[in-house]
Structures are given as structure tokens and as C-alpha cells.
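Enquirer: Can you read through this structure? Questions will come right after.
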Amino acid sequence: INVGRPQENGSCESSHGHLKRRLRQHLLLRGTGDFASEAKYDAFLIKVLESANLRRTKRLGEELAAMPERAIGDLPDYRELMVSVRSDSTIRVHKMVYSVPSRMIGVKLLARMYESRIVLLEGALEVAQLPLSRGDRGAVIDFRHLIGHLLRKPGAFAGYRWREELFPSLVYRAAYDHLTRAGADADRRCLEVLKLAAGDGQTVVEKALEHLLAAPRPAVSAKEVKGMLDTWQNLEREWRELILRHSKRVRFRPAFKMVGQLLVAKRNLRLGPRTQKAGPLRRAHPRRHRLFAAEPGGTERSEIDSRRQPEGWRRSRNQMEVLFTLLAERYERRRILISSHLVFSQWDQIFKDPMTTMAAIDRLGHHSIILEFDGASQRARKADEKAGETAQKPAAE
């Protein structure tokens with residue numbers, strides 16, 4: 001394409017049109033234009049472009065072989081524009097209005113426009129980053145930039161041009177409407193809530209506003225919101241202290257070892273009290289046992305994994321009876337944590353009697369939290385690898 005010959009742009013514009021049609025067809029075949037993330041969309045574009053260029057690869061290779069290499073610098077992936085911060089703490093970039101921190105009023109900034117963001121520079125110093133908005137009208141207003149300026153003149157909030165864009169979510173707008181209906185100095189009280197959100201976090205203040213607005217007689221103010229946030233923080237701190245005070249370290253025990261201890265307790269007529277205890281809480285050596293935190297009151301931690309138990313342990317009915325007694329006695333009285341690679345439909349391998357199996361599953365499933373993990377058992381895989389290494393050593397010797 002020669003300089004000053006705009007009519008020669010036809011070949012480029014035509015390829016742009018073909019690419020857009022190709023993308024539309026692939027989106028129709030895909031069934032939806034929604035993507036989970038920007039990275040997923042970029043991967044989709046790369047796949048479409050690679051398929052489009054596949055037929056041209058041979059001819060492109062021939063031309064690249066004939067073209068000499070030249071060292072050129074990296075081309076910038078941004079455009080630059082000088083902007084001035086106006087008296088309302090905003091700038092205008094391509095007909096769109098953006099808010100900036102109020103301390104920059106009257107300052108000239110260099111705006112670098114990337115694909116999805118705008119970087120503002122004062123000299124060589126980066127002072128702000130803004131999301132780039134597509135369109136030819138409207139505004140992108142961040143309440144954190146303007147809240148200090150507006151609090152000094154709260155009467156200007158009612159007639160502020162970008163007031164609707166100033167609310168970070170509909171919950172804040174609903175709170176302002178409630179304050180307006182209540183009447184008493186609604187603008188100043190709303191700005192105080194926004195000031196609190198700028199300092200303590202937008203999301204947590206939004207949740208506090210939802211609780212206050214859901215009350216029979218809502219009382220919305222920065223003082224009420226701050227009191228609720230302090231209450232939540234105190235509860236969280238007390239809960240953490242409670243966990244640290246009552247946490248214990250327990251030894252990880254396979255089920256067959258626990259059943260052996262229960263059989264000894266049954267022989268000594270101590271099975272009932274034994275099922276209510278959390279078991280020995282002696283600290284195990286970290287190289288020999290896994291350590292788990294126990295909740296207050298004592299938590300039994302066992303594993304029901306038929307592949308890792310001794311061959312004879314599943315054949316004794318007495319062993320199954322004491323295991324069921326443990327589950328029954330701790331049901332709705334004490335906590336118990338069990339891990340197993342078997343789904344409930346395969347638990348007849350553990351409890352030989354179908355009625356006992358159903359009763360055990362019923363007690364475990366009630367008032368319980370079940371976590372399902374996909375994939376093979378990592379402990380079983382490591383145990384198999386260790387067994388294979390052990391079997392290979394005598395052969396090597």
C-alpha cells in the first residue's frame with residue numbers, strides 16, 4: 001500500500017470482513033458467545049486464526065525464506081493522548097469521561113490507552129490506572145476518587161451530574177433512596193457511608209447495608225454500618241481464638257487399628273465409655289503419622305479403605321459389630337471424621353449384613369457434611385508405589 005493512496009486499502013479491509021464472518025460462523029457452531037474469561041476468548045481467537053492460516057503456511061514459508069531479516073524495535077501496544085484534569089476531577093478520553101483522584105485537579109497528564117486499560121502518567125510517574133470503556137458517551141466514575149471532595153460540599157451531591165454512576169451497586173442506591181424518604185440530611189449521610197466503603201471495603205459495607213435495609217425499621221447511617229462491621233470483626237476474632245484454644249493434634253489411624261482397640265475395650269467391658277472418648281491424643285512423630293486438627297469435644301479421625309487393611313479384618317463379624325457400635329454411640333453425641341475410597345453403594349464390603357450397612361450409612365449421612373473428590377486416591381497410589389519398591393529391592397539384591 002503506497003503512501004497517499006487510500007484506495008489501495010481494499011485488500012486489507014476485505015480480509016477484515018472475511019475474518020469477522022469467520023468468527024461469527026465459529027461462534028454459531030460453538031452455540032454461545034459467552035466465555036468464562038478473557039484468556040478463554042483469546043485461546044478461541046488463536047484457534048480460529050490458526051485454522052484460517054493453515055492453507056497459507058506453505059506460501060508464507062516461501063516468502064519468508066526470500067525476505068531478509070531486519071532488526072527493528074518493539075512497536076508500542078498503546079496510543080498516547082495528553083489530557084487535563086478538570087475542576088470536577090474528571091478527564092475526557094475519546095468522548096468518555098473518567099474520574100481521577102481529586103488531588104490531580106488542574107494537572108496535565110499523559111494517557112496511554114492499551115487494549116483494556118488506561119495508564120495515566122505525570123511525567124515519568126504512573127499516578128493511576130483506569131478501565132477502558134467502549135462507547136462514544138457516558139462516564140466511568142469511581143466514588144473513591146471523589147468522596148473526599150464531595151464531603152466538603154455535601155449539598156452538591158443531589159445535583160451532581162454523574163451521581164448515578166457514583167453508586168458502586170444497587171444496594172447503595174437503595175440505601176440513598178431510603179435516606180431520601182427519611183428526609184434527615186440524606187446527602188451527607190449517604191456520602192459518609194460511601195466514605196466508610198472507601199476505607200473498609202465496598203463489599204463488606206454492601207453486606208452490612210443489606211442487613212440494615214432488611215430490618216423491619218431500617219436505620220441506615222455510617223454509625224450503624226460501622227457498628228455492624230465492628231461486631232462481625234469481634235465475632236471473627238473470638239471464633240479464631242476459640243479454635244486456637246481448643247484445637248488439638250490427633251494421630252491418624254486406619255480403621256482396622258481403631259477396631260482392634262475397640263475389641264480390647266469390649267473384652268474388658270469398657271466398650272461404651274471407649275466409644276465416647278476421642279481416643280489417645282498423644283502427639284505422633286510427624287514422619288510416621290499424619291496430624292489432623294480436632295474440633296472441641298474430641299473428633300475421631302479414621303480411614304475406611306478396604307485396599308489398605310489387612311486381609312483378615314473384613315472377615316470377622318465381631319469387628320463389624322464394634323465398628324457399628326462406634327458409629328451408633330457417637331451419632332448426634334460426638335463428632336467423627338471418616339475418609340473412604342468406597343462409595344456408599346460399596347459399603348457392603350465393610351459391613352457384611354445389608355441391614356447393618358444401611359443403618360450405618362443412615363447415621364453417617366444425617367447431620368453430616370460429605371466431601372467428594374474426583375480422581376484416584378493419592379494415599380493408595382503412594383502405598384502401591386512403596387510396595388512395588390519394596391518388592392524390587394530383594395530382586396535387585
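Enquirer: Within the stretch 341-365, which residues are under 30 Å from the mean Cα position of the chain (by Cα) and at pLDDT below 75?
Expert: Residue satisfying the conditions is His341 alone.
Enquirer: Please pick out the residue among Ala43, Ala36 that is hydrophobic (A, V, I, L, M, F, W, C), without any contact (Cβ under 8 Å) to a residue 12 or more places away in the chain and assigned to a loop (DSSP other than H, G, I, E, B).
Expert: Ala36
Enquirer: Considering only residues that are surrounded by 11 or more Cβ atoms within 10 Å (Cβ to Cβ) and assigned to a loop (DSSP other than H, G, I, E, B), which ones fall in the stretch 15-32?
Expert: Once the filter is applied, which keeps residues that are surrounded by 11 or more Cβ atoms within 10 Å (Cβ to Cβ) and assigned to a loop (DSSP other than H, G, I, E, B), the stretch 15-32 yields nothing.
Enquirer: Let me ask you something else. Of the conditions (1) buried (at least 16 other Cβ atoms within 10 Å of the Cβ); (2) at negative phi, Ser89 clears all except one; give me its number.
Expert: The single condition Ser89 does not satisfy is (2).
Enquirer: Hey, can you tell me all the residues within the stretch 36-57 that are within 19 Å of Arg21 (Cα to Cα) and not aliphatic (A, V, I, L, M)?
Expert: Tyr41, Asp42, Phe44, Lys47, Glu50, Ser51, Asn53, Arg55, Arg56 - these are the residues of the stretch 36-57 that are within 19 Å of Arg21 (Cα to Cα) and not aliphatic (A, V, I, L, M).
Enquirer: When you check Glu63 against the structure, is it in contact with a strand residue (DSSP E or B) (Cβ under 7 Å, 6 or more places away or on another chain) and without any contact (Cβ under 8 Å) to a residue 24 or more places away in the chain, yes or no?
Expert: Here the answer is no, as Glu63 does not meet what is asked.
Enquirer: Would you mention how many residues in the stretch 133-183 are touching a Ser or Thr at 6+ places or on another chain (Cβ under 6 Å) and surrounded by 17 or more Cβ atoms within 10 Å (Cβ to Cβ)?
Expert: Looking only at that region, the number is 5.
Enquirer: With Ala175, Ala182 as the choices, which residue is farther than 24 Å from Ile105 by Cβ and in contact with a helix residue (DSSP H, G or I) (Cβ under 7 Å, 6 or more places away or on another chain)?
Expert: Ala175
Enquirer: Continuing with this model, one more query. Do you know which residues across the stretch 217-234 are farther than 19 Å from Glu192 by Cα and modelled with pLDDT under 85?
Expert: Selection gives Arg217 alone.
Enquirer: Any residue in the stretch 356-379 that is farther than 15 Å from Ser340 by Cβ sitting within a Cβ distance under 6 Å of a residue that is basic (Lys, Arg) and at pLDDT 75 or above? List the pairs, counting only those 6 or more apart or interchain.
Expert: Between residues of the stretch 356-379 that are farther than 15 Å from Ser340 by Cβ and residues that are basic (Lys, Arg) and at pLDDT 75 or above, there is no close pair.
Enquirer: Does Asp187 meet the test of being touching a Pro at 6+ places or on another chain (Cβ under 8 Å) and either touching a residue at least 40 places away in the same chain (Cβ under 8 Å) or farther than 21 Å from Arg92 by Cα (or both)?
Expert: Yes: the conditions hold for Asp187.
Enquirer: For Glu80, work out the one condition from (1) surrounded by 10 or more Cβ atoms within 10 Å (Cβ to Cβ); (2) without any contact (Cβ under 8 Å) to a residue 24 or more places away in the chain; (3) within 30 Å of Glu126 (Cα to Cα) it doesn't fulfil.
Expert: (2)
Enquirer: Within the stretch 101-155, how many residues are assigned to a strand (DSSP E or B) and either touching a residue at least 12 places away in the same chain (Cβ under 8 Å) or aromatic (Phe, Trp, Tyr) (or both)? If you could, list the steps in order and put the result at the bottom.
Expert: Taking the stretch 101-155 as the starting set, the residues that turn out to be assigned to a strand (DSSP E or B) are 108-113, 117-122, 125-131, 139-140.
Narrowing the set further to residues that are either touching a residue at least 12 places away in the same chain (Cβ under 8 Å) or aromatic (Phe, Trp, Tyr) (or both) leaves 108-113, 117-122, 127-131, 139-140.
Result for the stretch 101-155: 19.
The values are calculated or read from the model by the stated rules, or taken from the named source; none is laboratory data. Note that the coordinates shown come from a computational prediction; the quantities given were computed from them, not determined experimentally. Cβ: placed from backbone, ideal geometry, glycine included. Neighbour counts: every protein chain shown.
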